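Q: Submitted below is the structure of interest, expressed as structure tokens.
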Amino acid sequence: MKPFLPLIINPVAGSFHRKRFQKACDILRENFILKEFYTQKRGDAQEIAREVSKESPAAIAVVGGDGTFNEVINATAYSGIPLSFIPAGTSNVLAKEHLIPEEMVEAAKRILSGRETELHLGYINGRYFALMAGAGFDGATVYNLNKPLKILLGKGAYVLSGLQTFCRYRPERLKIDVDGREYEATDVIVCNARRYGGNFTICPDADMRRPLLDLFILDGKGRMDLFRVFLGIIRGKRLEFSNTSYLEARRVYIDGDAHVQVDGDYFGRTPVEITIRERAIKLII
């Protein structure tokens, strides 16, 4: 009998294409018994993953974006069940990070030919994350994101929200404890992966195979400091300014009153505690 492969599908993900998805399913059916589960609202992917995990699947295939994958890891971390990813989101950062094809049929083929790799996860106030968490301007941009516009414009909605946030941004002072070392700043991005927002890079040494978190900290005085950071990121350069720092940590505590985003979705406000959780998932890459 063929092994069971549930597919958790976000049909409103930014680049989901039904015809290409069905072609991907045709390939997978040659090796698996498939069952499709469609999400309807935030939180559904996590609940579906929790239920299908009880059926001892050969793996779980996530069809959606980074936010959908985030929900699934919060139901499957340390379960031992391998995860696979058919990217259909707006930015597909996870796929770019691990060179998973962003074309759905090719991503399905990778499920058949790829290898299981153990990866570490971040953990913030009781939830896992795969890629990054950001407090300050980063979080405010996601907080101000127009969700209906995201469906229409994709990445353009993030750019528009970033510009609107930039025009009225008033940075808050944050106190940051990094493995017992104290810092003050206005913005911090905690990276578990090298890629950010697509093909951009914030922390070039971050790696989900390495049991450390990489931090980018900005002690900004105003919009010009943010603008210099934007330019540096766009140019792909390491940001070596007098008011920026790169650090490594296993535990980060951020105190203050700032918006927080996690894996591209809004999370809430500081304070937050962020730690690394080793060998938490297996991903087929």
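Q: Find the residue count for the range 80-103, including only residues that are among the β-branched types (Val, Ile, Thr), in a loop (DSSP other than H, G, I, E, B) and modelled with pLDDT of 95 or more.
A: Total satisfying the criteria: 2.
Quick grid of which residues meet (1) closer than 16 Å to Pro271 by Cα; (2) out of contact with any Pro (no Cβ under 8 Å at 6 or more places or on another chain); (3) at pLDDT 95 or above:
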{"site": "Glu106", "(1), (2), (3)": "no, yes, yes"}
{"site": "Lys109", "(1), (2), (3)": "no, no, yes"}
{"site": "Phe129", "(1), (2), (3)": "no, yes, yes"}
{"site": "Gly139", "(1), (2), (3)": "yes, yes, no"}
{"site": "Lys147", "(1), (2), (3)": "no, yes, no"}
{"site": "Tyr158", "(1), (2), (3)": "no, yes, no"}
{"site": "Glu172", "(1), (2), (3)": "yes, yes, no"}
{"site": "Val178", "(1), (2), (3)": "yes, yes, yes"}
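Q: Which of the following residues is among the hydrophobic types (A, V, I, L, M, F, W, C) and either on the phi > 0 side of the Ramachandran plot or at pLDDT below 85 (or both): Ile233, Ile217, Ile202, Ile254?
A: So the residue among Ile233, Ile217, Ile202, Ile254 that is among the hydrophobic types (A, V, I, L, M, F, W, C) and either on the phi > 0 side of the Ramachandran plot or at pLDDT below 85 (or both) is Ile233.
Q: Of all residues in the range 24-79, which are out of contact with any helix residue (DSSP H, G or I) (no Cβ under 9 Å at 6 or more places or on another chain) and either part of a strand (DSSP E or B) or open to solvent by 30 Å² or more (accessible area, probe 1.4 Å) (or both)?
A: The answer is Arg29, Ile33, Gln40, Lys41, Lys54, Glu55, Ser56, Ala58, Tyr78.
Q: Can you list the strands (runs of 3 or more DSSP E) lying wholly within the range 224-285 that have 1 or more residues being among the β-branched types (Val, Ile, Thr)?
A: Of the strands (runs of 3 or more DSSP E) lying wholly inside the range 224-285, those with at least 1 residues that are among the β-branched types (Val, Ile, Thr) span 244-249, 251-255, 259-262, 272-284.
Q: Then there is this: Hey, can you tell me all the residues within the range 266-285 that are touching a Lys or Arg at 6+ places or on another chain (Cβ under 8 Å), open to solvent by less than 60 Å² (accessible area, probe 1.4 Å) and either hydroxyl-bearing (Ser, Thr, Tyr) or closer than 20 Å to Leu213 by Cα (or both)?
A: Answer for the range 266-285, where residues must be touching a Lys or Arg at 6+ places or on another chain (Cβ under 8 Å), open to solvent by less than 60 Å² (accessible area, probe 1.4 Å) and either hydroxyl-bearing (Ser, Thr, Tyr) or closer than 20 Å to Leu213 by Cα (or both): Ile274, Thr275, Ile276.
Q: Hey, another quick one. (1) assigned to a loop (DSSP other than H, G, I, E, B); (2) of a type outside the set (Val, Ile, Thr); (3) out of contact with any helix residue (DSSP H, G or I) (no Cβ under 8 Å at 6 or more places or on another chain): which one isn't true of Gly220, the others all being true?
A: Failed condition: (3).
Q: A further question on this structure: Would you be able to tell me the number of residues in the range 1-14 that are closer than 18 Å to Lys109 by Cβ, touching a residue at least 40 places away in the same chain (Cβ under 8 Å) and open to solvent by 40 Å² or more (accessible area, probe 1.4 Å)?
A: Count: 1.
Q: If we keep just the residues of the range 213-227 that are of a type in the set (A, V, I, L, M) and under 16 Å from the mean Cα position of the chain (by Cα), which is nearest to Val190 (Cα to Cα)?
A: So, considering only residues that are of a type in the set (A, V, I, L, M) and under 16 Å from the mean Cα position of the chain (by Cα), the one nearest to Val190 (Cα to Cα) is Leu215.
One line per residue, one yes/no per condition, for (1) touching a strand residue (DSSP E or B) at 6+ places or on another chain (Cβ under 9 Å); (2) open to solvent by less than 10 Å² (accessible area, probe 1.4 Å):
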{"residue": "Leu160", "(1), (2)": "no, no"}
{"residue": "Thr165", "(1), (2)": "no, yes"}
{"residue": "Pro171", "(1), (2)": "yes, no"}
{"residue": "Lys175", "(1), (2)": "yes, no"}
{"residue": "Val178", "(1), (2)": "yes, yes"}
{"residue": "Glu184", "(1), (2)": "yes, no"}
{"residue": "Val188", "(1), (2)": "yes, yes"}
{"residue": "Ala193", "(1), (2)": "yes, yes"}
{"residue": "Gly198", "(1), (2)": "no, yes"}
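Q: Would you confirm whether or not the range 221-238 contains a residue that is in contact with a Ser or Thr (Cβ under 7 Å, 6 or more places away or on another chain) and basic (Lys, Arg)?
A: No.
Q: Further question: Restricting the search to the range 247-265, which residues are surrounded by 19 or more Cβ atoms within 10 Å (Cβ to Cβ) and within 26 Å of Leu145 (Cβ to Cβ)?
A: Val252, Ile254, Gly256, Ala258, His259, Val260, Gln261, Val262, Asp263, Gly264
Q: For the range 1-23, give me each residue that is assigned to a loop (DSSP other than H, G, I, E, B) and β-branched (Val, Ile, Thr).
A: Val12
The values are calculated or read from the model by the stated rules, or taken from the named source; none is laboratory data. Note that the structure is a prediction, hence the values are computed from the model and not measured. A quick note on method: Cβ atoms are made from the backbone with ideal geometry, for glycine too, and the neighbour counts reach across all protein chains shown. Please note that ligands, DNA and RNA were not included when accessible areas were found on the heavy atoms of the full protein model with its side chains. Shrake-Rupley method; radii C 1.70, N 1.55, O 1.52, S 1.80 Å.
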